[in-house]
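Notes follow once the structure below has been shown.
The values are calculated or read from the model by the stated rules, or taken from the named source; none is laboratory data. Being a predicted model, the structure only gives us computed values, none of them experimental. Cβ coordinates were reconstructed from backbone atoms using ideal geometry, including for glycine residues, and neighbour counts include every protein chain displayed.
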Amino acid sequence: MLLHYHYAGSDPAIYCRLDHFTLCPFHRDSDNQDDNDPLRSKLLLVFMSSLMSLFTHCPMCKENSPGRLRRTMGTFVEIDENCKHCGFQRSWQNQPLIDKTPAGNLLLSAGILFAGTSPTKVLRVLKSINCYTITTRTFLNHQKKFLQPAIKTVWTKNRNNIVQKLKETNKHKELVLGGDGRCDSPGHCAKYGSYTIQDLTINKVLDVQLVQSNEVPSSVHMEKEGLVRCVRFLESENLVMKTIVTDRHTQINKWLKENQEHVDHRFDVWHLAKNLKEKLVKLAKDKQCTDIGEWIQSILNHLYWCAVSTPDGNGEMIAEKWLSLNNHIINIHTKHGRVFEKCAHGRLPAA
Ligand SMILES: [Zn+2]
Ligand SMILES: [Zn+2]
């Protein structure tokens, strides 16, 4: 029986001689493919004393021969065994190396970045419990050298697949998109702004554009510029947008009207509701308007209903539905307007 020792970088010839060990402390199930894959392997936190207790005797002659911690590199640990009695030598490593980079260090950096958390905080946690770990500098190195290029590769590949699929299913000529921007410091003078467009029928992001404030007249122009770049991308891929839903950003409104006349531009009801809620909450604080407080949620529900119940986007209908609110609140449910005559709800219980 051949035992599977996991001494990375070791000479297999040495370990063939260890076949006779039936109870190898490091024996691993050879059928478990996961352990050989750094990405799927389970990791453990091990106390140094527990680990060193495995390196007290020579595995060959069984004489007393304590292992020695040779080096550490972030989370990487190497232990040397040198038997004075029989000359047996080996070095044990706690993780595989990928082209000289310890896999565990890279995984830690990847975990921090992909979880969107703060490297300083995570590394401080590990340091505070005396765990060997990487430095912030190593994290930044990994990010630049491996992780960001990996993200870019995966993103490009996935996006190409999405675009390909849209074309295959012939959806690329009538895209229904949602677009919104975000800044690095909301409410302040931002340096970077990103604009994202998403296909609302398949719920996939089609493009993200990053704009730096010095590329445009001022930081308030970043959102429009981001959208313009997204539209350029769509054009380069032969994708045609039929509808786009955005917030009520005035520059975007103007640009779409002037440059994309064929596009059905709609405002996102979530943004509208958020804005309206702020106003109503403020108004309800006025001594004469406290009654509004109890109506806020119903008013917001009504706003959403106005949009949802009018899928064809008939502006007159939506406006009349919305204005019927004034009547409904004072218990009048008919004769609202020309196209929306009476409330859609059934009989209301007497108050
Ligand atoms: Zn020995
Ligand atoms: Zn009503």
Check on Val125, assigned to a strand (DSSP E or B) and either within 33 Å of the chain's Cα centre (by Cα) or in the same structural domain as Leu44 (by TED's automatic domain parsing) (or both)
no
Any hit, segment 248-256, residues being part of a loop (DSSP other than H, G, I, E, B) and either modelled with pLDDT of 90 or more or not basic (Lys, Arg) (or both)
yes
Looking only at segment 292-347, and only at residues there that are surrounded by fewer than 16 Cβ atoms within 10 Å (Cβ to Cβ), among the acidic types (Asp, Glu) and more than 18 Å from His265 (Cα to Cα), the one that is farthest from ligand 2 (Cβ to nearest atom)
Glu294
Between residues in segment 253-270 that are in contact (Cβ under 8 Å) with a residue 60 or more places away in the chain and residues that are surrounded by 13 or more Cβ atoms within 10 Å (Cβ to Cβ) and among the charged types (D, E, K, R), which pairs lie under 7 Å by C-beta distance while being six or more apart or on different chains?
Asp268/Asp247
Any residue in segment 321-343 that is under 45 Å from the mean Cα position of the chain (by Cα), of a type in the set (A, V, I, L, M), assigned to a loop (DSSP other than H, G, I, E, B) and away from ligand 1 (no atom under 16 Å from the Cβ)?
yes
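Only one of Gly111, Gly116 is closer than 17 Å to Thr75 by Cβ and either touching a strand residue (DSSP E or B) at 6+ places or on another chain (Cβ under 8 Å) or exposed (fewer than 12 other Cβ atoms within 10 Å of the Cβ) (or both); which?
Going through Gly111, Gly116 in turn, the sole match is Gly111.
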Of all the residues that make up segment 76-92, how many are surrounded by fewer than 17 Cβ atoms within 10 Å (Cβ to Cβ) and not in a loop (DSSP other than H, G, I, E, B)?
3
Might you check whether a residue that is basic (Lys, Arg) and over 30 Å from Lys242 (Cβ atoms) occurs anywhere in segment 284-306?
yes
